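Q: Have a look at the structure that comes next, please.
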Amino acid sequence: MDEYRDPTKADKLIKEITRLADTLAEQRGRPVNVMEVCGGHTHSIFRYGIENMLPQSVELIHGPGCPVCVLPIGRVDDCVAIAEDEKAIMTTFGDAMRVPGSKRSLLQAKSLGADVRMVYSPLDALKIARANPDKEIVFFGLGFETTMPSTALTVLKAEAAGIRNFSLFCNHITIIPTIKAVLDSEDFQVDGFLGPGHVSMVIGTRPYDFIAEHYRRPVVISGFEPLDILQSLWMVLKQLDAGHPYIENQYSRVVPEDGNHAALQAISRVFELRPFFEWRGLGSIDHSGVQLNARYAAYDAERKFAVPAVAIADPKACQCGEVLKGIIKPWQCKVYGKACTPQTPMGALMVSSEGACAAYYQYGGGPHQASHDDLVGENAA
């Protein structure tokens, strides 16, 4: 990984970023706002001290690309209701177990007797279904197009093996309608985007074309190493300076232009778009989520179990929605680091491994950050 963490190359990129950003900021009368859509990028930015190395003429805005973070409370309550059914075993990823519902999280439900198990893949849930034929095994599926193929392939595997005691509580979401919702919001003021690398590995680069064509914003698909992010930011600024926005692929070593055909085929075979899906902080977004299509209705947990399906507002003190839309930074939230910590999270942004609040808390983000020189020296070491 040394070639992606070379401090000499990083220093050269930062100098070029500073030169371009200072010129653009002077023209605009404000900093250049660049949104990294993916929560994985947010964590890399803080892990490697990237935000603190950048000039004040660049403002990084942390976008809604954390699937756990945008899950509304009502969907968590639905999941808990299924988990508390005596005939069910609920399976999911570790960070999803701690997302608070209106009464309790899955982890708290487990402590009260519900059979909730952490898995590393939906295939682990299928193994549990084989081993427990007298139980209904439910996989709490969530994530963007990155994780959607593995869930779809697991459903196909269950069908092929004739396993009927496996079902999916589907909360998979799609990235393109999300970005469009951000672009269409009234308080939107983003000049360019660092596009998500892992989602793009599945869907390719073409779906982003409308952002450059209709909204006149550059998008650079970025990798996750420090030099990936710095190079991608420099590429965004170069496009802004030239006044010609388009879609660039910095992460070409992983992301093909047309995406992964096998993954896309599995998704289209198993899933269909929902008419709308509720997002925490963003509200209802048309065609932004998927559900199992009619052919695979037998594997749909929402058909097998009675769920409350009630929309529940976030706690008033919690400002996850404003953070998701880039209106405020995590440390500006009233409860950040006080009532809301990783040990006692009020919102999903503090729970998820990709949440902006968790990144700030873990890596010391906020108004009292280390100096540029300290971070350059620390990262070089």
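Q: List the pair-distance distribution P(r) of the stretch 74-223, using every Cα-Cα distance, as the percent of pairs falling in each 10 Å bin from 0 up to the bin containing the longest distance, rounded to whole percents.
A: Result, from short to long distances: 11, 33, 26, 20, 9, 1 percent.
Q: Work out how far the C-alpha atoms of the stretch 113-180 reach from end to end along every principal axis, then list the three figures in whole Å, largest first.
A: Largest first, the stretch 113-180 extends 44, 32, 16 Å along its Cα principal axes.
Q: Related question: May I ask for log10 I(q)/I(0) of the chain at q = 0.08, 0.09, 0.13, 0.14 Å⁻¹, from a Debye sum over the Cα atoms as equal point scatterers with solvent left out?
A: Relative scattering, expressed as log10 I(q)/I(0), comes to -0.42, -0.53, -1.06, -1.21.
Q: Counting residues in the stretch 174-311 as N, plug N into 2.2 N^0.38 Å and put the Cα Rg over that result. Write down the numbers at each step before the final one.
A: Working: Rg = 17.5 Å, N = 138, 2.2 N^0.38 = 14.3 Å.
Here the answer is 1.22, to two decimals.
Q: Over all alpha-carbon pairs in the stretch 149-232, figure out the percentage whose distance exceeds 19 Å.
A: Values: 1892 of 3486 pairs.
That tail contains 54 percent of the Cα-Cα pairs.
Q: Output the Kirkwood hydrodynamic radius of the stretch 242-331, Cα pairs only, in Å rounded to one decimal. Each step should come with its number before you reach the end.
A: Numbers: mean 1/r = 0.0578 Å⁻¹.
For the stretch 242-331, inverting the mean 1/r across all distinct Cα pairs yields 17.3 Å.
Q: Another question, if that's okay. Could you identify which residue out of Pro149, Pro315, Pro196 has the top mean-square fluctuation in a GNM of the chain using Cα springs shorter than 10 Å?
A: In the Gaussian network model the winner is Pro315.
Q: Between Asp11 and Ser284, 0.36 nm times their residue separation minus their Cα-Cα distance comes to what? All intermediate terms of the calculation are to be shown ahead of the outcome.
A: On the way: separation 273, 0.36 × 273 = 98.28 nm, distance 4.24 nm.
Taking 0.36 nm per residue and subtracting the Cα distance, the gain is 94.0 nm.
Q: Give me the percent of Cα-Cα pairs in the stretch 58-151 that sit more than 15 Å apart, rounded to a whole number.
A: Values: 2666 of 4371 pairs.
Here the long-distance tail beyond 15 Å is 61 percent of all Cα pairs in the stretch 58-151.
Q: Next question, about the same structure. Tell me the Kirkwood hydrodynamic radius of the stretch 73-125 in angstroms, computed as one over the mean inverse distance between distinct C-alpha pairs. Can you show the working numbers first?
A: Details: mean 1/r = 0.0924 Å⁻¹.
It works out to 10.8 Å.
Q: Restricting the count to DSSP beta bridges whose residues both fall in the chain, what percent are antiparallel, rounded to a multiple of 5?
A: Values: 8 of 39 bridges.
Close to 20 percent.
Q: Which Cys residues of the chain have no other Cys beta carbon under 4.7 Å away?
A: That list is Cys38, Cys79, Cys170, Cys318, Cys320, Cys333, Cys340, Cys357.
Q: Another one. Compute the convex hull volume of the Cα atoms of the stretch 14-115, divide it by the residue count, and report the result per residue in Å³ as a whole number. Before the final figure, lay out each step's value.
A: Details: hull volume 11.7 nm³, N = 102.
Considering the Cα atoms of the stretch 14-115, their hull volume per residue is 114 Å³.
Q: For Leu183 and Gln343 in the same chain, what is the full-extension length gain: residue separation times 0.36 nm, less their Cα-Cα distance, in nm?
A: Full extension from Leu183 to Gln343 adds 54.2 nm.
Q: OK, next. For the stretch 287-352, compute Rh as the Kirkwood radius over C-alpha pairs and then the Stokes-Einstein diffusion coefficient at 4 °C and 1.567 mPa s; write the answer in µm²/s, rounded to an integer.
A: On the way: Rh = 14.7 Å.
In µm²/s, the coefficient rounds to 88.
Q: For the chain, what is the mean residue ellipticity at 222 nm derived from helices alone (per DSSP H run of n ≥ 4: -39500 (n - 2.57); sum divided by total residues; nearest 500 deg cm²/dmol)?
A: Rounded to the nearest 500, it is -11500 deg cm²/dmol.
Q: Can I ask one more? Fully extended, how many nm does the chain gain between Met1 and Lys103 (0.36 nm per residue separation, minus their Cα-Cα distance)? The partial results should precede the final answer.
A: Values: separation 102, 0.36 × 102 = 36.72 nm, distance 4.39 nm.
Once the chain is fully extended between Met1 and Lys103, it gains 32.3 nm.
Q: Among Ala125, Ala311, Ala152, which one moves the most in a GNM of the chain with springs linking Cα atoms closer than 10 Å?
A: Ala311
Q: Residues with amide H under 5 Å of Ser284's amide H, sequence separation 5 or more or different chain, H placed in the peptide plane at 1.01 Å from N; which?
A: When sequence neighbours closer than 5 places are left aside, the close amide H contacts are Trp279.
Q: Might you report the magnitude of the Cβ-based charge dipole of the chain about its Cα centre, with Lys and Arg at +1 and Asp and Glu at -1, to the nearest 20 debye? List each step's numbers first, then the result.
A: On the way: 37 positive and 45 negative charges, 183 e Å.
My answer is approximately 880 debye.
Q: Throw me the Rg/Rh for the stretch 1-70, computed over C-alpha atoms with Kirkwood Rh, two decimals. If you can, show how the numbers build up before the last one.
A: Numbers: Rg = 13.6 Å, Rh = 13.3 Å.
Using only Cα positions, Rg/Rh for the stretch 1-70 is 1.02.
No lab work stands behind these numbers, since they all come straight from the coordinates. A quick note: this is a predicted structure, and the numbers were derived from the prediction, not measured. We place every Cβ from the backbone using ideal geometry, glycine too, and count neighbours over all the protein chains shown.
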